[in-house]
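The values are calculated or read from the model by the stated rules, or taken from the named source; none is laboratory data. As the structure is a prediction and not an experimental result, all values here were calculated from the model. Please note: Cβ atoms are built from the backbone with ideal geometry, for glycine as well, and neighbour counts cover all protein chains shown. Calculation scope for accessible area: heavy atoms of the full protein, side chains included, ligands and nucleic acids excluded. Shrake-Rupley method; radii C 1.70, N 1.55, O 1.52, S 1.80 Å.
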Amino acid sequence: MSEHKNPFFEPYGTPHDTVPFDRIRLEDFEEAFMEGIRRDNEYLDKTIHNAEKPTFDNTILNPFDKGDGYYDLLDRVSTVFFNLLSAETNDEMDALAQKMQPILTKHANDMRLNPLLFERIKRVHLHHRRLTPEEQRLLDNCYEGFVRSGALLDETGKEKLRELTEEASMLSLQFSQNLLKENKAFTLEITDEAQLDGLPETAREAAAMTAKEMGKDGWVFTLDMPSYSPFMTYSTQRELRKQMYMARNMVCTHDNSENNIEICKRLINLRREIAQLLGFKTYADYVLKHRMASNVRNVYRLLDDLINAYKPTAIKEREELRKIFGKETSAIRHQPSDIKMMPWDSGFYSHQLQMKKYNLDAEMLRPYFELSKVIEGVFGLANKLYGITFKENKDIPVYHPDVKAYEVFDKDGSYLAVFYADFHPRKGKQGGAWMTEYQGQWITKKGENIRPHVSVVMNLTKPTDEKPALLTLGEVETFLHEFGHSLHGMFANTRFESLSGTNVWWDFVELPSQFMENFAIEKDFLRTFAFHYQTGEPLPDKLIRRIVKSRNFMVATACLRQVSFGLLDMAYYTKKDAFTDDIIPFEKKAWKKAILGEQLPDTCMTVQFSHIMAGGYAAGYYSYKWAEVLDADAFAVFKRHGIFDQKTAQNFRDNILSKGGTEHPMTLYKRFRGGEPTIDALLKRNGIKRETKKI
């Protein structure tokens with residue numbers, strides 16, 4: 001038997017140098033982490049003791065961005081490990097993450113807080129000459145990154161910062177691990193078929209398959225969205241809906257080792273302390289310095305504008321729900337006359353109302369959204385817009401059989417990227433959907449354009465023994481959203497990796513993704529792939545008309561929900577003093593002006609709010625609504641010229657998708673659009689009438 005070689009230490013020898021998942025062993029990670037740290041330290045030592053005058057090339061380029069001859073082992077292994085920690089983890093991976101996280105955070109601090117290194121960077125920043133705009137951007141980001149990481153602090157301050165960042169890093173990891181364990185721990189097991197009343201065949205089949213996989217009889221429902229959402233929408237069993245709702249909305253609040261309440265409180269305080277140590281009043285002030293919104297006032301202005309514009313409509317929507325709830329419950333024998341509509345009723349009665357108003361629900365559309373056809377449709381859309389093509393390559397290693405790997409080719413036939421797609425929920429996978437990369441894009445000094453390896457991870461409806469994977473329209477939108485992020489990565493065309501693709505300000509990063517969601521209800525797009533999985537018949541015109549007509553169903557309620565999350569986020573991270581409140585009542589108060597329904601005393605969003613506790617969106621959740629203004633404004637250009645107009649698409653690619661973070665995002669947007677965005681296009685799209693306002 002040949003001796004095992006750590007694959008991280010040698011050329012991968014795979015198509016396009018893709019990650020050899022099939023050759024990686026658990027023990028390879030720790031060995032590569034430690035060797036990567038050693039190499040970093042060796043390179044750092046050479047840099048700070050370089051007798052030559054500090055220059056862009058000998059100080060900025062190689063240590064902090066890809067350059068010729070620089071092999072970043074630590075980045076290589078970290079990327080693979082932490083991507084898998086979200087998409088395909090296990091107890092051994094979790095334990096290794098707990099072990100390595102403080103070591104990696106300490107190493108990062110050792111780099112960022114090294115005074116000799118910062119002195120060289122500062123000298124280049126003050127005395128550089130003849131840099132290209134992109135080089136200048138990289139230099140500015142590098143200098144500012146060191147300052148924001150504590151380089152200007154005295155030794156006491158640096159030591160304090162080390163303590164705070166290392167603790168925050170560990171708590172963020174613990175938060176995520178707790179959430180995954182709690183979400184996967186709950187199951188609703190049903191053996192009485194009568195308790196499946198109202199559930200469509202697809203939900204029953206999926207639950208039966210889950211039970212079979214778990215070695216149980218009957219049907220099993222979980223908190224994964226493809227299981228949870230249909231149950232809450234269709235089940236007539238109000239008590240079971242309540243059980244599911246409370247399980248989902250009380251995760252990580254129980255008296256056990258997965259409770260996240262104290263972790264959240266500590267994270268909020270740690271981030272405030274870090275910001276104040278660096279000279280900012282609040283963590284939000286620290287974050288927003290490098291955002292399009294620029295300050296707290298502008299964020300609240302956007303959120304308040306949305307509340308003012310949408311709340312009157314949301315109140316009307318809720319009244320419609322209450323009426324249909326009252327009418328249906330009053331018809332049920334032995335039902336109390338004063339019964340109140342509760343949160344676990346919203347999905348069920350929203351469906352009843354949607355059927356009444358539009359005769360449309362997700363199950364009517366599922367047969368036309370078979371996953372393989374949706375993939376063809378999404379890839380076909382990219383081809384119509386940008387001329388790119390996708391070809392599955394089974395020689396590219398993947399980390400799970402669910403994952404598909406594709407080569408992507410540009411309109412001239414040249415290789416553009418590798419695209420991984422990971423579609424379905426499973427035990428070791430976090431909930432939600434996201435895009436990431438296994439390799440970024442950059443251009444070497446010799447002019448070689450190193451192309452990206454992009455991945456999208458989702459939790460879409462699984463196939464069953466009886467049917468292929470049939471998606472809801474909402475899941476199609478999720479696919480389009482993450483695919484928009486992936487296009488941002490695949491079209492990257494910048495010299496430096498840290499400026500390429502999605503390496504942009506957080507309130508700009510959601511523009512390409514939310515922009516793509518607009519296509520989901522366009523007839524000309526649906527006509528390209530929405531065919532019945534059994535008969536091959538196209539999605540009927542009458543259903544398309546209902547989709548378009550119902551696009552704004554409960555739109556104001558959905559808007560206020562997003563705004564409420566933004567308000568909660570800002571409430572935590574605009575704190576100037578130590579956070580000592582009880583999380584649950586604080587949460588209820590923080591988002592109250594955007595909440596119309598009843599708030600239950602034991603439910604809690606904060607403890608499962610990964611975006612703002614462990615996902616990089618702290619003081620930035622407003623970004624989704626900020627970007628929604630941008631995406632509506634941008635799509636209006638396509639609507640005017642034609643949704644498949646290649647000239648407009650090329651303009652979008654050239655000025656948004658390929659530029660990454662090489663210029664200020666508003667500069668890029670105005671170059672594409674010809675002017676600043678306004679809220680008008682969003683209000684028009686949502687059927688909300690209001691005067692035009694710039695953001």
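Close contacts from segment 522-545, counting a first residue that is farther than 14 Å from Val378 by Cβ and in contact (Cβ under 8 Å) with a residue 40 or more places away in the chain and a second that is surrounded by fewer than 13 Cβ atoms within 10 Å (Cβ to Cβ) and not hydroxyl-bearing (Ser, Thr, Tyr), with Cβ to Cβ under 8 Å and a gap of 6+ residues or different chains, come to Phe531/Glu537. The combined condition, being in contact with a Ser or Thr (Cβ under 6 Å, 6 or more places away or on another chain) and either closer than 24 Å to Glu201 by Cα or open to solvent by 10 Å² or more (accessible area, probe 1.4 Å) (or both), is fulfilled by Leu471. The criterion of at least 2 residues that are closer than 23 Å to Gly440 by Cβ, open to solvent by 20 Å² or more (accessible area, probe 1.4 Å) and among the charged types (D, E, K, R) is met by the following strands (runs of 3 or more DSSP E) wholly inside segment 380-429: 389-392, 403-409.
Is it the case that some residue within segment 230-238 is in contact with a His (Cβ under 8 Å, 6 or more places away or on another chain) and either open to solvent by 30 Å² or more (accessible area, probe 1.4 Å) or of a type in the set (S, T, N, Q) (or both)? Full working, then the answer.
Filtering segment 230-238 down to residues in contact with a His (Cβ under 8 Å, 6 or more places away or on another chain) leaves 233-234.
Those still in the list that are either open to solvent by 30 Å² or more (accessible area, probe 1.4 Å) or of a type in the set (S, T, N, Q) (or both) too: 233.
Yes, because at least one residue in segment 230-238 is in contact with a His (Cβ under 8 Å, 6 or more places away or on another chain) and either open to solvent by 30 Å² or more (accessible area, probe 1.4 Å) or of a type in the set (S, T, N, Q) (or both).
Could you say whether any residue in segment 635-651 is aromatic (Phe, Trp, Tyr), out of contact with any His (no Cβ under 7 Å at 6 or more places or on another chain), under 26 Å from Gln136 (Cβ atoms) and in contact (Cβ under 8 Å) with a residue 12 or more places away in the chain?
Step one: list which residues in segment 635-651 are aromatic (Phe, Trp, Tyr), which gives 635, 638, 644.
Filter once more, so that each one left must be out of contact with any His (no Cβ under 7 Å at 6 or more places or on another chain): 635, 638, 644.
With the extra rule that they be under 26 Å from Gln136 (Cβ atoms), the set shrinks to none.
Scanning segment 635-651, I find no residue that is aromatic (Phe, Trp, Tyr), out of contact with any His (no Cβ under 7 Å at 6 or more places or on another chain), under 26 Å from Gln136 (Cβ atoms) and in contact (Cβ under 8 Å) with a residue 12 or more places away in the chain, so the answer is no.
Checking the conditions here, which among Gly157, Gly145, Gly150 is more than 30 Å from Ala421 (Cα to Cα) and under 24 Å from the mean Cα position of the chain (by Cα)?
Working: Gly157 fails: under 24 Å from the mean Cα position of the chain (by Cα); Gly150 fails: under 24 Å from the mean Cα position of the chain (by Cα).
That would be Gly145, the only listed residue that is more than 30 Å from Ala421 (Cα to Cα) and under 24 Å from the mean Cα position of the chain (by Cα).
When Tyr438 is tested against the conditions (1) open to solvent by 20 Å² or more (accessible area, probe 1.4 Å); (2) in contact with a strand residue (DSSP E or B) (Cβ under 8 Å, 6 or more places away or on another chain); (3) assigned to a loop (DSSP other than H, G, I, E, B), the lone failure is (3).
So Gly377 passes all but one of these: (1) surrounded by fewer than 20 Cβ atoms within 10 Å (Cβ to Cβ); (2) farther than 25 Å from Leu74 by Cβ. Which condition number does it fail? For Gly377, the failing item is (1). Restricting segment 50-78 to residues that are among the hydroxyl-bearing types (Ser, Thr, Tyr) and open to solvent by less than 30 Å² (accessible area, probe 1.4 Å) leaves a set whose member that is modelled with the highest pLDDT is Ser78.
Can you tell me how many residues in segment 588-602 are part of a loop (DSSP other than H, G, I, E, B) and either open to solvent by less than 30 Å² (accessible area, probe 1.4 Å) or within 18 Å of Arg561 (Cβ to Cβ) (or both)? Outline the logic, then answer.
Step one: of segment 588-602, the residues part of a loop (DSSP other than H, G, I, E, B) are 591, 595-602.
This time we only want the ones that are either open to solvent by less than 30 Å² (accessible area, probe 1.4 Å) or within 18 Å of Arg561 (Cβ to Cβ) (or both), so: 591, 595-600.
Looking only at that region, the number is 7.
Of all residues in segment 88-100, those satisfying the criterion of being touching a residue at least 12 places away in the same chain (Cβ under 8 Å), part of a helix (DSSP H, G or I) and open to solvent by 30 Å² or more (accessible area, probe 1.4 Å) are Glu92, Gln98, Lys99. All of (1) modelled with pLDDT of 95 or more; (2) within 28 Å of the chain's Cα centre (by Cα); (3) among the aliphatic types (A, V, I, L, M) hold for Ala578 with one exception: (2).
Taken over segment 556-570, the criterion of being buried (at least 18 other Cβ atoms within 10 Å of the Cβ) and either at pLDDT below 95 or hydrophobic (A, V, I, L, M, F, W, C) (or both) is satisfied by Ala556, Cys559, Leu560, Val563, Phe565, Leu567, Leu568, Met570.
Exactly one residue out of Arg148, Arg123, Arg129 is of a type in the set (D, E, K, R), under 20 Å from Tyr283 (Cβ atoms) and open to solvent by 20 Å² or more (accessible area, probe 1.4 Å): that is Arg148. In the condition set (1) open to solvent by 30 Å² or more (accessible area, probe 1.4 Å); (2) farther than 26 Å from Ile544 by Cβ, Thr444 is compliant with all but (1). Restricting the first member to segment 675-695 and to residues that are modelled with pLDDT of 60 or more, and the second to residues that are polar (S, T, N, Q) and surrounded by fewer than 14 Cβ atoms within 10 Å (Cβ to Cβ), the beta-carbon pairs closer than 8 Å and six or more apart or on different chains are Thr678/Thr692; Ile679/Thr692; Asp680/Thr692.
Met225 falls short on exactly one of the conditions (1) within 21 Å of Pro367 (Cβ to Cβ); (2) more than 28 Å from the chain's Cα centre (by Cα); (3) not β-branched (Val, Ile, Thr), and that condition is (2). Find the residue count for segment 508-520, including only residues that are in contact with a Ser or Thr (Cβ under 9 Å, 6 or more places away or on another chain) and open to solvent by 10 Å² or more (accessible area, probe 1.4 Å). Matching residues across segment 508-520 total 2.
Looking only at segment 108-166, which residues are assigned to a loop (DSSP other than H, G, I, E, B) and farther than 25 Å from Arg39 by Cβ? Break it down into steps so the answer makes sense when it comes.
To start, the set of residues in segment 108-166 that are assigned to a loop (DSSP other than H, G, I, E, B) comprises 113-114, 128-132, 149-154.
The answer is His128, Arg129, Arg130, Leu131, Thr132, Leu152, Leu153, Asp154.
For segment 151-168, which positions are open to solvent by 40 Å² or more (accessible area, probe 1.4 Å) and polar (S, T, N, Q)?
First pass over segment 151-168, keeping only residues open to solvent by 40 Å² or more (accessible area, probe 1.4 Å): 152, 154-156, 159-160, 162-163, 166-167.
Hit for segment 151-168 is Thr156, nothing else.
Please report, ordered by residue number, the helices (runs of 4 or more DSSP H) entirely within segment 603-695 with at least 2 residues that are out of contact with any Pro (no Cβ under 9 Å at 6 or more places or on another chain) and of a type in the set (A, V, I, L, M, F, W, C).
Values: elements: 610-613, 623-641, 646-652, 665-673, 680-685.
Once the helices (runs of 4 or more DSSP H) in segment 603-695 are filtered for at least 2 residues that are out of contact with any Pro (no Cβ under 9 Å at 6 or more places or on another chain) and of a type in the set (A, V, I, L, M, F, W, C), what remains is 610-613, 623-641, 665-673, 680-685.
For segment 474-507, a residue qualifies if it is open to solvent by less than 10 Å² (accessible area, probe 1.4 Å) and among the β-branched types (Val, Ile, Thr), and the qualifying residues are Val476, Thr494. Do you know which of the residues in segment 25-47 that are of a type outside the set (D, E, K, R) and open to solvent by 30 Å² or more (accessible area, probe 1.4 Å) is modelled with the lowest pLDDT? The selected residue is Tyr43.
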